[in-house]
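For reference, the structure discussed in these notes is given below.
The values are calculated or read from the model by the stated rules, or taken from the named source; none is laboratory data. Quick caveat: nothing in here was measured; it's all calculated off a predicted structure. Please note: Cβ atoms are built from the backbone with ideal geometry, for glycine as well, and neighbour counts cover all protein chains shown.
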Amino acid sequence: MSETEIRSEISEKEDQITKIEEEAAKKESSAEREIEREYTSKINDVETNLNDEQSKLEEATVKAAEWTAKRKDLTKIVKALSKEHKILIKDKNKKLKDKINQIEKDKKDKIKPLNSEIKALRKQLAAIEKAAEDQD
């Protein structure tokens, strides 16, 4: 390979790396939007229900004498909704983290061989340049 061909190939490999990094960034952004879409309405619904039920619980506490039975039921509902809310948030964060980690892993898997090829090509280029200097 000539020096020009090697430089051209290095440039192509570097362009491929840039493209992979851009694709990974797009995938991360897409994954984040996808997970947000999937969980935002669920979380908002549960959070709205949770806020409503917490408000009812406060009212029941004030009127404890009249509302003892209702207070017990609402306490159970609030506890279940709080648990569900925490679980959904935890699941959302885990799913997003897992998806981003997979994207990063895929990106590294694609970039590593290209970097190895670039390193080999640079060694080859350095040898050619050294040979050219030795001839001068």
Q.
What pairs come out if I take residues in the range 31-51 that are in contact (Cβ under 8 Å) with a residue 24 or more places away in the chain and pair them with residues that are assigned to a helix (DSSP H, G or I) and of a type in the set (Ser, Thr, Tyr) whose C-beta lies under 7 Å away, six or more apart or interchain?
A. Leu50/Ser82
**Q.** Among the residues listed as Ala120, Ala60, Ala80, Ala127, the single one being crowded, with 16+ Cβ neighbours inside 10 Å and small (Gly, Ala, Ser)
**A.** Ala60
Q) Of all residues in the range 18-44, which are more than 16 Å from the chain's Cα centre (by Cα) and loosely packed, with under 13 Cβ neighbours inside 10 Å? A) Thr18, Lys19, Ser41, Asn44
Q | Whichever residue in the range 85-117 is more than 30 Å from Gln54 (Cβ to Cβ) and under 9 Å from the mean Cα position of the chain (by Cα) and, among such residues, is surrounded by the fewest Cβ atoms within 10 Å (Cβ to Cβ) | A | Asn101
Q) Quick one: Lys79 ticks every box in (1) modelled with pLDDT of 95 or more; (2) under 25 Å from the mean Cα position of the chain (by Cα) bar one, so which box is it? A) (2)
